[in-house]
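Just below is one structure, and these are the notes that go with it.
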Amino acid sequence: MNRDDILWKGILENIFDDFLLFFFKNEETLFDFSKGFQFLDKELEQLFPSEDTQHPKFVDKLVKVFTKEGKDEWILVHIEVQGYKDDDFPRRMFTYFYRILDKYRKPITAIALLTDTNKNFHPTAYQDTHLGTSIIFQFNTYKVIEQDESELEKNENPFAIVVLTTLLALKKKQLSDEDVFGLKLKIARGLQKRNVLEQKRRALMNFLKFYVRFSDSEFNGKFDEAIFAITENKNTMGIEEMLIERFKKEGIETGIKEGIKEGIKEGIEKGIERGKTEVVINLLLANKFTITEIANFANVTDDFVRKVQQSLKS
């Protein structure tokens, strides 16, 4: 699974209640959020294993959501994030539907998030007619490239930040790193103004940080510094912790102990440096990412990654 897939799956899980509210305005009378959600990704994979290696599915999720219609009443929400034009997409959505229905015998609502740049690709239904037998299967669609940025900026729902981020990623090729930097910062400021729970704020900021990438990795540090400057609570965004949390205890604490003679500040800096180094080592050992991708993940330069890579060979 590539990084964009991971980011989409993660953000959908982190703000799924906001996602529902974004698409179903009366969700507060429909869904019982107090019972939580159950993500059925493994079950979905069993129902629809990947068959096409040339054009693999982008992101799909199946979620069990309780309703307020009864004590144990629930429905299934099927989400597909589609990032390229696929003429067979409507049939695939229908196939999902009937296989899910056959297994669970529960109501299903399907939502297709279309994140491609082809303005002519906007499927909304699957139709088939033959010798007097016909079927029309309609599903919810949301074409990101068709959305109004000014309206999204006014929308207080956190999922609007996800859409704005995706829009920026779609037009990034036509922009310089300076332009991307300014627009990313604008979205970050918009997020900061919203009344969002801390955990969701961190997830949204990380989605923005890693989904829209700079051509020059040096801009990563510049962006982090800008975010730190505009954040009211300097620990709010958690940009560093996404990457080094696994190594926080042994990295930062050990760094503090080792650098205590030089002062606490130097010790913390040494700990953060060690944490980043360990992140780079683990990504290198995974043998799945390029030098630049690892640099973007760990918020370091390409040269830093090469030095760590060389140290592993010596």
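The set of residues in the stretch 22-44 that are at pLDDT 90 or above and among the polar types (S, T, N, Q) contains only Q38. What do you reckon, is E13 at pLDDT below 90 and either out of contact with any Ser or Thr (no Cβ under 6 Å at 6 or more places or on another chain) or surrounded by 18 or more Cβ atoms within 10 Å (Cβ to Cβ) (or both)? Criteria not met by E13. Just one of (1) surrounded by fewer than 13 Cβ atoms within 10 Å (Cβ to Cβ); (2) in a helix (DSSP H, G or I) fails for D72. It is (2).
For every residue, the table says whether it meets (1) among the basic types (K, R); (2) outside any helix (DSSP H, G or I); (3) exposed (fewer than 15 other Cβ atoms within 10 Å of the Cβ); (4) modelled with pLDDT of 90 or more.
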residue	(1), (2), (3), (4)
L7	no, no, no, no
L20	no, no, no, yes
E51	no, yes, yes, no
K57	yes, yes, no, no
D60	no, yes, no, no
V65	no, yes, no, yes
Y96	no, no, no, yes
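Consider the stretch 22-44 and keep the residues that are charged (D, E, K, R) and over 20 Å from F159 (Cα atoms). The one that is surrounded by the fewest Cβ atoms within 10 Å (Cβ to Cβ) is K42. Inside the stretch 110-159, residues that are small (G, A, S) and out of contact with any helix residue (DSSP H, G or I) (no Cβ under 7 Å at 6 or more places or on another chain) make up a count of 3.
Within the stretch 98-117, the set of residues being under 23 Å from I11 (Cβ atoms) and not in a helix (DSSP H, G or I) comprises I108, T109, A110, I111, A112, L113, L114, T115, D116, T117.
Of all the residues that make up the stretch 162-177, how many are modelled with pLDDT of 95 or more and either over 18 Å from the mean Cα position of the chain (by Cα) or not aliphatic (A, V, I, L, M) (or both)? Counting residues in the stretch 162-177 that are modelled with pLDDT of 95 or more and either over 18 Å from the mean Cα position of the chain (by Cα) or not aliphatic (A, V, I, L, M) (or both) gives 2. Scanning the stretch 16-38 for residues that are farther than 26 Å from Q147 by Cα and out of contact with any Ser or Thr (no Cβ under 7 Å at 6 or more places or on another chain) returns T29, F33, S34, K35, G36, F37, Q38. Each residue in the stretch 158-182 was checked for being closer than 23 Å to E225 by Cα and assigned to a helix (DSSP H, G or I), and 14 of them qualify.
Quick grid of which residues meet (1) modelled with pLDDT of 85 or more; (2) touching a Pro at 6+ places or on another chain (Cβ under 8 Å); (3) at positive phi:
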| site | (1), (2), (3) |
| --- | --- |
| K200 | yes, yes, no |
| R213 | yes, no, no |
| S217 | no, no, no |
| K249 | no, no, no |
| E262 | no, no, no |
| L284 | no, no, no |
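The values are calculated or read from the model by the stated rules, or taken from the named source; none is laboratory data. The structure presented is a predicted model; accordingly, all values stated were derived computationally and were not measured. For neighbour counting, all protein chains shown are included, and Cβ atoms are generated from backbone atoms with ideal geometry for every residue, glycine included.
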